[in-house]
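A short worksheet on the structure shown next.
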Amino acid sequence: MNINRIITTTLLTAAAVLGMSAMPLLDSLKVDIRAGYEVGGTLPTHLDNKIRHINNFDPGLNYTLGVEATLPLKGRWFLHSGLRYELGSMDVDSRVKNYDIEVVRGDESLDGIFNGNVRIRSAQRRFTLPVQAGFAPSDKVALRGGLFVGLLTHKRFWGWAYDGYLREGSPVGPKIEMGSEPGERGDFDFGGDMRRWQWGVDAGLDWQFHHRWGLFAELTYSLNGLFRSNFHSVQPLHPMYGSLGISYRIK
Amino acid sequence: MMTVTNTSCFGSEPDGCEADIETATLHVDNPGEFFFQLTDSLQAVFSTDSIITFAVRGDADVHELAPTFTLSPGATVTPASGSVHDFSQGPVTYTVTSQDGHWQRRYRVLVVPTLITVADTLFYNFEHYELDPVFNRYYIWYNTLPDGSLGNDWATANDGYRISMGSATAMDYPTTPLLNGYEGAGVCLTTRDTGPFGRMANKRLAAGNMYLGTFDMKIAMSDHLHATRFGIPFTSRPDSFTGYYTFEPGATVQDFYGNPIAGRTDSASIYAVFYRNHDAAGNEVVLYGDNVLSSDLLVAVADLGYVAPTQQWTQWNVKFEYREEVDEQLLANRGYSMAIVFSSSTSGGSFTGAIGSRLCIDKVRLICSHNE
């Protein structure tokens, strides 16, 4: 299934779920306003042994706001959708060995094998539309799972290679030392290479502890990756957002 | 902000993939009779070098020598470090293999008995140039030595410019050949824009430069002022420094941040310095952009000073101003170095100058005298 078809299917399903709210089923539809803290990071598909040490990992602490609707189906099953606004950021600093790296600015680039430290920072804002099926084992607890599409309205990805050296082109190429100060280190900025559309899987857990108030936990993982498929300057990274928050039932 | 500090690492450490000789040492029983300077027995090898040359006294016996090497971590070398070879038949080739076995580099090691030549005049005509053999991106120059062979005494920072402007063509580099110089080919030094990398790094321009010495690519980015290593051993007593130049300053002088400086005209540099190449503690010394005109080790300086803008080939002839006597014994033991330095923007080291400033030079002479 290609990406466009998944996005189209997801959007149509979501539209259907939302559209149903205007129909007689409306009576049984539940609508929540949700707000939560969000940790938004990006994970490599695998952590290889070229990353020797995580000096520091700051997944960022942001917020998410949303309006979400639940449509009961037969028995304990339901459909769930909505619209969320999410902020994500990340700041990771690691020590690497034999690490393939490409430093790019404008039309100029410098690539090779890096030994030293790499700081990577990212920041994203996105609108997310989840479409989930759910099961409620009790009146108070619900489990949800499905897909989401996200549209990024702000995307940044930047960082620098520092306190180390690059072997330009290959391990036997010229050795270029990089210091720690701007101008001495190897800066990169790949924000322009990030995808605007993300899609992936989305799982959630709700606890309705009060007839209006509830708590929720949500985890999304983007399957199509942070960067466009023709981008190879850093290894594939997948955005992962986790959030914890509170919900208020308006209907 | 939540901050997690993790001390684990992922899998076992990967094997090294580098295959360098980092230093080369030649131990002999009688170093004072073998080397001109005791420090000549140890050489730090640039990552861009694949030829290692020990210049030794003309009467040194080079039939049975056992150079030793330090290598990239985990790398191995064949023939072995410390094995005995005959260097009288030319270079000995060593092959270094990386720890992971995937990469190799070949080095040629030469031990060259060197006769001290006391020349009356050293000629630098800039007729011998070619694209650099590694990248074929920029020009390098060879000079004609007194015995007629070619030496690579001239260095430029062109290789450093390549880091910031990999897309530049050879004639867009700061230092380029000039087909029609004063006589035959000359050389042109042009202050260039360093592009998007340069702007990001607050290194917005690169002055064209050319000097007697070496360029240490490794620190071009982290410590640019010390990448230009001014000076080569020099065994004659210099009297005067002559040559021909044209100089056209670029339109607008800009500061470190790229802001125009109104009312200022760019200036060029043309000078030669003669200095003792070991300090009081016996350590080998080269001079850098930040001390080439101020070091305590300077013995004589020939500085044109103000380089008047001119589109016509103009001769300069500057006498070396001596600050101390020349020690003949030290001179014969390669204890002095000479650095001729040309730059199209005097303040290029602090990234101040006018893009487009152009200094062309040709037919450079160092006129030397004998102390009877």
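Numbers below:
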read-out: Extreme residue, farthest from residue A:68 (Cα to Cα), among residues of region A:94-134 that are of a type in the set (Lys, Arg) and more than 9 Å from chain B (Cβ to nearest Cβ); value: A:119
read-out: Residue within region B:283-292 that is over 21 Å from residue B:354 (Cα atoms), more than 18 Å from the chain's Cα centre (by Cα) and surrounded by fewer than 17 Cβ atoms within 10 Å (Cβ to Cβ) present; value: yes
read-out: Qualifying position, being of a type in the set (Asp, Glu) and more than 14 Å from chain B (Cβ to nearest Cβ), among A:189, A:139; value: A:139
read-out: Selection from region A:171-207 of residues that are under 21 Å from residue B:215 (Cβ atoms) and either of a type outside the set (A, V, I, L, M) or touching a helix residue (DSSP H, G or I) at 6+ places or on another chain (Cβ under 6 Å) (or both); value: A:173, A:174, A:175, A:177, A:179, A:183, A:184, A:185, A:186
read-out: Among residues of region B:334-372, those that are of a type outside the set (Asp, Glu) and either closer than 17 Å to residue B:156 by Cα or part of a helix (DSSP H, G or I) (or both), counted; value: 20
read-out: Residue that is hydrophobic (A, V, I, L, M, F, W, C) and at the interface with another protein chain (Cβ under 10 Å from one of its Cβ atoms), where the choices are A:246, A:250, A:176; value: A:176
read-out: Subset of region B:116-149 that is within 14 Å of chain A (Cβ to nearest Cβ) and among the aromatic types (Phe, Trp, Tyr) - its residue that is surrounded by the most Cβ atoms within 10 Å (Cβ to Cβ); value: B:138
read-out: Among (1) at pLDDT below 95; (2) touching a helix residue (DSSP H, G or I) at 6+ places or on another chain (Cβ under 7 Å), the one test that residue B:336 misses; value: (1)
read-out: Selection from region B:266-303 of residues that are free of Cβ contacts under 8 Å to residues at least 60 places away in the same chain and assigned to a loop (DSSP other than H, G, I, E, B); value: B:279, B:280, B:281, B:285, B:291, B:293, B:294, B:295, B:296, B:297
read-out: Yes/no for residue B:93 being at pLDDT 95 or above and not hydrophobic (A, V, I, L, M, F, W, C); value: yes
read-out: Matching residues, region A:120-135, being at pLDDT below 95 and surrounded by fewer than 19 Cβ atoms within 10 Å (Cβ to Cβ); value: A:121, A:123, A:125
read-out: Test: residue in region A:183-203 that is within 30 Å of residue B:72 (Cβ to Cβ), out of contact with any strand residue (DSSP E or B) (no Cβ under 8 Å at 6 or more places or on another chain) and either of a type outside the set (D, E, K, R) or part of a loop (DSSP other than H, G, I, E, B) (or both); value: yes
read-out: Top-ranked residue of region A:226-243 - restricted to ones that are part of a loop (DSSP other than H, G, I, E, B) and crowded, with 18+ Cβ neighbours inside 10 Å, ranked as farthest from the chain's Cα centre (by Cα); value: A:234
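Per-residue answers, yes or no, for (1) of a type in the set (S, T, N, Q); (2) at pLDDT 90 or above; (3) under 17 Å from residue B:200 (Cβ atoms):
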site	(1), (2), (3)
A:137	no, yes, no
A:146	no, yes, no
A:153	yes, yes, no
A:166	no, yes, yes
A:173	no, yes, no
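The values are calculated or read from the model by the stated rules, or taken from the named source; none is laboratory data. Fair warning: this is a prediction, and the values are worked out from it, not measured in the lab. Please note: Cβ atoms are built from the backbone with ideal geometry, for glycine as well, and neighbour counts cover all protein chains shown.
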